[in-house]
Amino acid sequence: MQKISSCLWFDTQAEEAAKFYVSVFKNSKLGDITHYGDGAPMPKGTVMTVTFTIDGQDFMALNGGPLFKFTEAISFSVNCETQEEIDMYWDKLTSGGGQPVQCGWLKDKYGLSWQIVPSAISKWIGGSDPARSSRVMQALLGMVKLDIQKLQQAYDSK
């Protein structure tokens, strides 16, 4: 068990969301499911928590009611090696009502924010050549879903 894991607050969709996330990512699995008992804030028998693992990272989904919503202040970043990988995660995470945002960001159908980015993005925008970094940043700011080829071209151009 990892020392720190993320707990995601849902209204009533914790189990549905956990199943969705493990279907999107390889090497993922559902864990334990707990239910509310008598005297709880939700009806007895309602799913309370679902634990799940996405590619080695532990998460918990909690059905806590409508009090809190996801915001862009928290997002999960998915590092991708290829454009095909970016396209696949983008398509799966925006399916069923998810929404593209900008600069590689999207919201899934539950309102959770994701960044689908090339693994090389840190090198491209954080490198020692400010002109290269600026060109990549300008290209990135004009994109919704990121295009590895165009970002690499911006990095390579002079």
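The values are calculated or read from the model by the stated rules, or taken from the named source; none is laboratory data. Every value quoted in this text rests on a predicted model; they were computed, and no experiment measured them. Using ideal geometry, Cβ is built from the backbone for each residue, glycine included, and neighbour counts are taken over all protein chains shown.
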Go through the stretch 65-78 and give me each residue that's exposed (fewer than 15 other Cβ atoms within 10 Å of the Cβ) and of a type in the set (S, T, N, Q).
Thr71, Ser77
Condition set of a type in the set (A, V, I, L, M) and not in a strand (DSSP E or B), scope the stretch 57-90, selection nearest to Lys19 (Cα to Cα): answer is Met88
Among the residues of the stretch 19-64, write down those that are of a type outside the set (Gly, Ala, Ser), over 22 Å from Phe76 (Cβ atoms) and surrounded by fewer than 15 Cβ atoms within 10 Å (Cβ to Cβ).
Thr34, His35, Asp38, Pro41, Pro43, Lys44
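Would you mind stating whether Met137 is within 23 Å of Lys29 (Cα to Cα), outside the structural domain of Ser23 (by TED's automatic domain parsing) and either touching a residue at least 24 places away in the same chain (Cβ under 8 Å) or not in a strand (DSSP E or B) (or both)?
Values: within 23 Å of Lys29 (Cα to Cα): no; outside the structural domain of Ser23 (by TED's automatic domain parsing): yes; either touching a residue at least 24 places away in the same chain (Cβ under 8 Å) or not in a strand (DSSP E or B) (or both): yes.
It is false that Met137 is within 23 Å of Lys29 (Cα to Cα), outside the structural domain of Ser23 (by TED's automatic domain parsing) and either touching a residue at least 24 places away in the same chain (Cβ under 8 Å) or not in a strand (DSSP E or B) (or both).
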Among the listed residues Ser157, Ser128, Ser134, Ser113, identify the single one that is of a type in the set (Ser, Thr, Tyr) and under 29 Å from Tyr21 (Cα atoms).
Ser113
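Tell me whether the stretch 91-114 contains one or more residues that are in a loop (DSSP other than H, G, I, E, B) and of a type in the set (Val, Ile, Thr).
So in the stretch 91-114, the residues in a loop (DSSP other than H, G, I, E, B) come out as 95-98, 101-104, 108-112.
The next check asks that each one be of a type in the set (Val, Ile, Thr); those that pass are 101.
Checked against the condition, which is being in a loop (DSSP other than H, G, I, E, B) and of a type in the set (Val, Ile, Thr), the stretch 91-114 yields at least one hit.
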